[in-house]
């Protein structure tokens, strides 16, 4: 199997696919070395690492450059968070997907909210039309891209988040999505309900109250990702170490 076929197959196992979220080659190599079977560029992590705020503020050329470098250096499949597509028109989104494909990515996350201070859901029917156009383009161009659609009702904390997510999952499935990503969902009952709403693989994300991997497997979850949390933890620890060096006026903490 090629990398794309391997990636698709990893969504069909009983055990969920654990995605290591990366921001550069070194982080990608660490996950590969430690047994992860796929990696994904986190938009928050790569943006913050390069000095930008999340929300499509990172120049798309930088995302392409890092994506290509990662796929040149690691052997496991790479999926890329392209937020709302880095364009407000369909043709621009399609062109950007092709560029990521040409860099070696085998999957993308595309979300149903637009970046900005007041993030809100795009109308479901309108976004389903976008998905349908994207899915048809992928098929027509024979692009090896897994189309993971992120829906943000739980991220936004909507009072009807479960019902909205279930309805959108069904609509996005019919439009041609390959998977559904529901960030910030943590309740087992909610997770099980979303899983039952579609036969597509459901992707959940690291959160403080997220059940353990075995529990998620029993709920039918097929993919687990980290968002920017791994990146944040790494740099929190780097900050602690930097403060110790300054306080102790020496480098002993590096070697302890």
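Please indicate, with yes or no, whether at least one residue in segment 82-94 is surrounded by fewer than 16 Cβ atoms within 10 Å (Cβ to Cβ), more than 16 Å from the chain's Cα centre (by Cα) and at positive phi. Checking segment 82-94: not a single residue is surrounded by fewer than 16 Cβ atoms within 10 Å (Cβ to Cβ), more than 16 Å from the chain's Cα centre (by Cα) and at positive phi.
The sole residue among 141, 222 that is touching a residue at least 60 places away in the same chain (Cβ under 8 Å) and either under 30 Å from residue 2 (Cα atoms) or under 15 Å from the mean Cα position of the chain (by Cα) (or both) is 222.
Would it be correct to say that residue 168 is farther than 23 Å from residue 28 by Cα, surrounded by 14 or more Cβ atoms within 10 Å (Cβ to Cβ), in contact with a helix residue (DSSP H, G or I) (Cβ under 8 Å, 6 or more places away or on another chain) and free of Cβ contacts under 8 Å to residues at least 24 places away in the same chain? So residue 168 fails the test. The residues in segment 112-151 that are assigned to a loop (DSSP other than H, G, I, E, B), closer than 20 Å to residue 183 by Cα and touching a strand residue (DSSP E or B) at 6+ places or on another chain (Cβ under 7 Å) can be counted, and the count is 5.
Here is a check on your reading of the model: is residue 215 surrounded by fewer than 19 Cβ atoms within 10 Å (Cβ to Cβ), closer than 19 Å to residue 12 by Cα and touching a helix residue (DSSP H, G or I) at 6+ places or on another chain (Cβ under 6 Å)? No; evaluated as a whole, the condition is false for this residue. Please determine whether any residue of segment 18-27 is out of contact with any strand residue (DSSP E or B) (no Cβ under 8 Å at 6 or more places or on another chain), within 20 Å of residue 216 (Cβ to Cβ) and touching a residue at least 24 places away in the same chain (Cβ under 8 Å). Checked segment 18-27: no residue is out of contact with any strand residue (DSSP E or B) (no Cβ under 8 Å at 6 or more places or on another chain), within 20 Å of residue 216 (Cβ to Cβ) and touching a residue at least 24 places away in the same chain (Cβ under 8 Å).
Taken as a whole, segment 187-202 holds no residue that is out of contact with any helix residue (DSSP H, G or I) (no Cβ under 9 Å at 6 or more places or on another chain) and free of Cβ contacts under 8 Å to residues at least 60 places away in the same chain. Against the list (1) modelled with pLDDT under 95; (2) farther than 21 Å from residue 181 by Cβ, the condition residue 75 fails is (1). Number of residues in segment 25-37 that are under 16 Å from the mean Cα position of the chain (by Cα) and closer than 11 Å to residue 75 by Cβ equals 2. When we screen 236, 190 for residues that are at pLDDT 95 or above, surrounded by fewer than 20 Cβ atoms within 10 Å (Cβ to Cβ) and closer than 29 Å to residue 159 by Cβ, the only hit is 190. With a requirement of 3 or more residues that are out of contact with any helix residue (DSSP H, G or I) (no Cβ under 9 Å at 6 or more places or on another chain), the helices (runs of 4 or more DSSP H) lying completely within segment 1-111 that satisfy it span 3-10, 25-33, 90-102. Kindly evaluate residue 149 against the criterion of being closer than 20 Å to residue 95 by Cβ, in contact (Cβ under 8 Å) with a residue 12 or more places away in the chain and under 18 Å from the mean Cα position of the chain (by Cα). So residue 149 passes the test.
The values are calculated or read from the model by the stated rules, or taken from the named source; none is laboratory data. Just so it is clear, the structure is predicted and the values come from calculations on it, not from any experiment. When we count neighbours, we look across all protein chains shown, and the Cβ atoms used for this are built from the backbone with ideal geometry, even at glycine.
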